[in-house]
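The values are calculated or read from the model by the stated rules, or taken from the named source; none is laboratory data. Here the structure is a predicted model, which is why all the values come from computation and not from measurement. Here Cβ is always computed from backbone atoms with ideal geometry, including for glycine, and neighbour counts include all displayed protein chains. Heads up: the accessible areas ignore ligands, DNA and RNA and are worked out on the full protein's heavy atoms, side chains in. Shrake-Rupley method; radii C 1.70, N 1.55, O 1.52, S 1.80 Å.
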Amino acid sequence: MIIVCEAKATEAQINAVQQKIREAGLDVHRSDGVEHTIIGVVGDRNRLDIAAVSMMPGIRDVVMVSTPYKLASREFHPEDSIVRVGEISLVGGREVTVMAGPCAVENEEQIEASAEMVASAGAQLLRGGAFKPRSSPYSYQGLGIEGLKLLRKAADKRGLSVVTEVMSIEQIDAVAQYADLLQVGARNMQNYPLLTALGQVNKPILLKRGMSATIQEWLMSAEYILTEGNPDVILCERGIRTFENATRNTLDISAVPVIKHLSHLPIIVDPSHGVGTRRFVAPMARAAVAAGADGIMVEIHPNPDKALSDGPQSLTFEEFGLLMNRCRIIATTIGRRLGKAK
Ligand code: PEP
Ligand code: MN
C-alpha cells in the first residue's frame, strides 16, 4: 500500500501519518518526489485502519500496490531513481554509464593496462572480479583481497570508480572497503541472506538478473535490499537461459523497457555475459543503449586469448574503443550522454 500526500502537506501532517502506521506495527518507507511525498507501507495491512488514514489531513490518496514488490515499483516512486556511485557517477539520469574491465583481476600489469584503456575511452567505472563465481571449482577463482587492492589502486590513479562482485556475507566488509559499487552475480540473485545483509550496507548494489529469473523474481530480489533500508539498487540484465544455444545466454533487451515501466530503479546491460562471444558484444551494447539502458558493462582484456576467465567474450582494447565511439553517437541521438563528460 502507498499513501500519496498532498503537494502542500506539512511535515507535521506527514509525521502524524507515519506515526499511525508505525503504531499499527507496519514499516514506513518515505519517498520525497518532485511534487508529492509518497509513504510506502510494508507489512500486514489488515492491522491498519485504512479509512481513518485516508481521512487524515495532508493525505491525497491511499493506493493498493498490485505488484508483490512495493518499494521497487514505479507506483511507490514515480520518478526515475538516480543512484550515485563513487564521487563522479550518477546512474539513471541523463548519463549512460560505462563499466568496463576484465572478467577477473589477474595481476597488476593486466589491471593497470585495462584501467588505462577504460579511462582513456571515457568510461566511468573499472570492473574486475577478485572473488569469482566459477561454474567449475577447478577454474581460476580470483585473487581475493589482493585483487581488490590492485583494482582500487588502478582506478584511483585514473579517477575511475570500482565495481566488483561480492559472493558471500563474509566478504561484504572487505569488498565495501575497496569498491564503490557492490555486484551481486547472477548465481546469487536469490541468495536472500546475502541480499538482506547488503540492504544494510552504505554502498550502492548492482543486482544482476539470475539466469533463470523472471522479471518479477528479479524485482523481488531488489525488494530484499530496499526493504532493509538501502535505496541504491541498480539492476543489470546479463542474459537468461533459453532453448537457444547459439549464444551463451539470450540477452533480454526487452527487459530494459519492461523494467522502466514497472520500476524506478536504473537498469544497465551486460552484453558480454549475455552473448558470450566477442563478435556479438558490440551490436548488443548498441542495442542496449538504443533501448534506453542507463549503462553498459563490458568485459575487455589486454590479451583476450590469454585471459584466465571469459577470454572468448572479452573485447580487445581496439574493439572497445570502437564500441564506445558508436554507443556515444547512439546515446547522443536519444538525448543522453555516454561516458564521462569531456
Ligand atoms: C561477472 O560479471 O563477472 C559475472 C560473473 O557475471 P554473471 O554473474 O552475470 O555471470
Ligand atoms: Mn566474466
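Taken over the range 308-342, residues that are in contact with a Phe, Trp or Tyr (Cβ under 9 Å, 6 or more places away or on another chain) and either open to solvent by 10 Å² or more (accessible area, probe 1.4 Å) or among the acidic types (Asp, Glu) (or both) amount to 1. Mind checking which pairs have a first residue in the range 214-231 that is on the phi > 0 side of the Ramachandran plot and a second that is open to solvent by less than 50 Å² (accessible area, probe 1.4 Å), Cβ under 7 Å, 6 or more apart or different chains? Within 7 Å, the pairs are 229/199.
Answer yes or no as to whether residue 324 is assigned to a helix (DSSP H, G or I) and farther than 22 Å from residue 136 by Cα. In short, yes. When the range 250-280 is limited to residues that are of a type in the set (D, E, K, R) and open to solvent by 20 Å² or more (accessible area, probe 1.4 Å), the one that is nearest to the chain's Cα centre (by Cα) turns out to be 260.
Set side by side, the residues 297, 284 differ, and just one is touching a strand residue (DSSP E or B) at 6+ places or on another chain (Cβ under 8 Å), closer than 26 Å to residue 257 by Cα and part of a strand (DSSP E or B), which is 297. Return the only residue of 92, 43 being away from ligand 1 (no atom under 16 Å from the Cβ) and open to solvent by 40 Å² or more (accessible area, probe 1.4 Å). Sole residue among the options that is away from ligand 1 (no atom under 16 Å from the Cβ) and open to solvent by 40 Å² or more (accessible area, probe 1.4 Å): 43. Residue count for the range 317-334 satisfying the condition of being within 16 Å of ligand 2 (Cβ to nearest atom) and β-branched (Val, Ile, Thr): 0.
Considering only residues in the range 46-69 that are without any contact (Cβ under 8 Å) to a residue 60 or more places away in the chain and in a loop (DSSP other than H, G, I, E, B), the one that is surrounded by the fewest Cβ atoms within 10 Å (Cβ to Cβ) turns out to be 66.
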